[in-house]
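Peer 1: Can you read through this structure? Questions will come right after.
Every number in this text was worked out from the coordinates using simple rules, so none of it is lab data. Here the structure is a predicted model, which is why all the values come from computation and not from measurement. Every residue, glycine among them, receives a Cβ derived from its backbone with ideal geometry; neighbour counts consider all protein chains shown.
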Amino acid sequence: MSIKDKNYIIVYGPDEVDNYVETPYELEDELEELYEKSQKGKASIKHKLEKYIKRYPKLPFLRNYLVVWHVKNEQIKEASRLNDEMLRLFPDYIFSLAFKVEEYLIDNNTQAIEALLNGRFDIGAFYPDRKVFHLSEFKAFISILVNYYASTYEFEEAEAQIALLEEVELDNVLPRQLKQVVTKYRLQRAAQKIAEYKKTVVRALQQEDYTLQEQNVLMEASSPEFEFLYCGQWDIDIPELKECINSNKEGLIAECERILTIAITGYGYIQEVGDWSAAVLNALLILPYLDDEATLPSVIEFYRQPADCQEFWVMDWGDTVLARYFKNFSEAKLEMIYNFLVESPGNTSSKIVFLCELPKFVLHAPESREKLLQCLKNVFEHFAANREDAHLFDTDVIAFTVNAAIHLKATELLETIAALYKKGWVSVMVSATIEEVREEIASAESSLTGEFFDDVYSHIRDVTEQFQRINKPFDDDYYDDDGLDEDELDEDLFEMFANETKKPEKINYGTVSKNAPCPCGSGKKYKRCHGM
């Protein structure tokens, strides 16, 4: 098969390649067995391989089978020694080169990989005398290049190599695996950038010379003009905020992102001493109004942290501070959210919050529905492809992706969802059978609601009123000149809180995240409803 713009072809029969070495007659019947048993690390095959290597020392694939056998039996040092010996005998044997590249990647030695390739970043350039390659050779060489480009953060080059492979690969297994490699290095690079940023903002708390006095001022404004951010919860001075947005918007964004960084890096110490600050909630609320696309990575990084860190800083206000990000749709924001939903390891409860908000894009941008459906479909396909990887597979996230599909009335995804149910991959948190999901999606009544504010000032006023209602002190009528009238207070308190203190009927919803919406449909978090 020809590849676009290349002067070589890829074939599927080993006898069609340029450097084909005819297999000795006595090996023909055993070759498949040798290959399969070496791949499984079967003890019975090692002696046969060693015997045939002595008899046919010029057949590199026999040595390669033995290297694979040692790897499967976790004898890595011996595998490495044999592979180095094979490279000396057959310096251009591609499978030996691929093994060596894996070793260099473990040591993060990209310079050695560069020396190995010697500027030859195409299989045709690496073997200039050949015009025909077997598919297995091509796949091995593409794997080398993708791993090299991804490890050096040249992601576009890596993806271009995967696209080449997809032209000739009959199934999608290897391309999918290589895409996961690229994703891994993308996340690694993002983590490095965040770590570099953190170093410029706050010193590591683990340093022995970090004094108690320095720790106590950890959550303080970097400049007097930002002190209004560090006030009490939802007690932001609106005139000061207006003035700051008008005069120093970029500085305000940097200060809010600085607050989130401190919340992450300083959480362990701050939680220990109980030095909670409303600055984190204030920053999260304000950021999307300043630039909802540019600031989303910082917010996702905050939500990437362990659940106890978020619960400490945000409490029950997670959906409130995130809401504005879902008013104005953009493909860039959707891509960031998708990458967060499928990355591993990840905070499941945070992913659930994002999935609950995600369908709300269509309230203001109905044209975004098709893009949202494709995103949900991609989430389903990602988890289906990674079913065997416990670190990547998350039935809770699948369940709330189903819920998002219900809100979007996604009849287009019913077949995919039914297949997930059939395989038992939907967590019991959905609390619905596939028949009930079909019924809800088919119903005309929309279950999607969401309130968006025109500006941050209106949003602040709204959450302030909510907060005041929740924390409203007892009326002055409960007090007389001598203090509290206990009888009147007790009587009224009983009536006021009779329903609030009554526990909901106990229903078994299985394992539900405490911060997830309650499956009963009350609109409360599970921990405030049937999780009590």
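Peer 1: Can you compute the modelled spin-label distance between residue 220 and residue 29, with each label point 7 Å from Cα toward Cβ, in nm?
Peer 2: Here the answer is 8.5 nm between the modelled labels.
Peer 1: Would you work out the charge dipole size for region 280-436 about its Cα centre, treating the Cβ of every Lys and Arg as +1 and the Cβ of every Asp and Glu as -1, and quote it to the nearest 20 debye?
Peer 2: 240
Peer 1: How would you classify region 308-385 from its alpha-carbon gyration tensor, with a ≥ b ≥ c the square roots of the eigenvalues: rounded for a/c under 1.5, else prolate if a/b is greater than b/c, otherwise oblate?
Peer 2: It is oblate, given that a/c is not under 1.5 and a/b is not larger than b/c.
Peer 1: Right, something else. Computed FRET efficiency, Cβ-Cβ of residue 449 and residue 44, R0 60 Å: what is it to the nearest 0.05?
Peer 2: 0.40
Peer 1: Would you please give the residues with an amide H less than 5 Å from that of residue 11, counting only those at least 5 places away or on a separate chain, with H modeled from the backbone geometry?
Peer 2: For residue 11, whose amide H was placed from the backbone, the distant partners under 5 Å are 133, 134, 135.
Peer 1: Further question: Which whole-Hz couplings ³J(HN,Hα) result when phi for each residue of region 400-408 is put into the Karplus expression 6.51 cos²θ - 1.76 cosθ + 1.60, θ = phi - 60°, listed in order with x for Gly and Pro?
Peer 2: Calculated HN-Hα couplings, in order: 7, 5, 4, 4, 4, 5, 4, 4, 8 Hz.
Peer 1: Enumerate the calculated ³J(HN,Hα) couplings along region 282-293 in order (Karplus 6.51 cos²θ - 1.76 cosθ + 1.60, θ = phi - 60°), each rounded to whole Hz, writing x wherever the residue is Gly or Pro.
Peer 2: Karplus-based 3J(HN,Hα) across region 282-293 equals 4, 5, 4, 5, 7, 3, x, 7, 7, 6, 6, 8 Hz.
Peer 1: Taking 7 Å along the Cα-to-C-beta vector as the label spot, tell me the residue 436-residue 88 distance in nanometres, rounded to one decimal.
Peer 2: 6.8
Peer 1: What FRET efficiency comes out for the pair residue 291/residue 412, r = Cβ-Cβ distance, R0 = 30 Å, nearest 0.05?
Peer 2: Efficiency for this residue pair is about 0.35.
Peer 1: Moving on. Decide, for region 327-366, between rounded, prolate and oblate: order the square roots of the alpha carbon gyration tensor eigenvalues as a ≥ b ≥ c, take rounded if a/c falls under 1.5, and otherwise choose prolate if a/b is larger than b/c, else oblate.
Peer 2: Cα axes put region 327-366 in the oblate bin.
Peer 1: Here is a follow-up. Of the chymotrypsin sites (Phe, Trp or Tyr not before Pro) in region 242-283, which ones lie in a loop per DSSP and count no more than 16 other C-beta atoms within 10 Å?
Peer 2: 276
Peer 1: With contacts defined as alpha carbon pairs under 8 Å and 6 or more residues apart, what's the relative contact order of region 16-136 in percent?
Peer 2: Relative contact order comes out at 25 percent.
Peer 1: Modelled label-to-label distance, residue 106 and residue 7, 7 Å Cα→beta-carbon offset: nm?
Peer 2: 3.8
Peer 1: According to the square roots a ≥ b ≥ c of the eigenvalues of the Cα gyration tensor, what is the shape class of region 40-117, taking rounded for a/c under 1.5, prolate for a/b larger than b/c otherwise, and oblate for the remainder?
Peer 2: oblate
Peer 1: Using a cut-off of 12 Å between beta-carbons, work out the net charge of the residues near residue 30 (Lys and Arg +1, Asp and Glu -1, residue 30 not included).
Peer 2: With Lys, Arg at +1 and Asp, Glu at -1, the net is -3.
Peer 1: Starting from region 277-329, pick out the GluC sites (Glu not before Pro) whose DSSP state is loop and whose Cβ has at most 13 other Cβ atoms within 10 Å.
Peer 2: Here the sparse-neighbourhood loop sites are 293.
Peer 1: Okay, moving on. Please turn the phi angles of region 98-106 into ³J(HN,Hα) values with the Karplus equation 6.51 cos²θ - 1.76 cosθ + 1.60 (θ = phi - 60°), one per residue in order, whole Hz, x for glycine and proline.
Peer 2: Ordered by residue, 3J(HN,Hα) equals 4, 4, 5, 4, 4, 4, 5, 5, 4 Hz.
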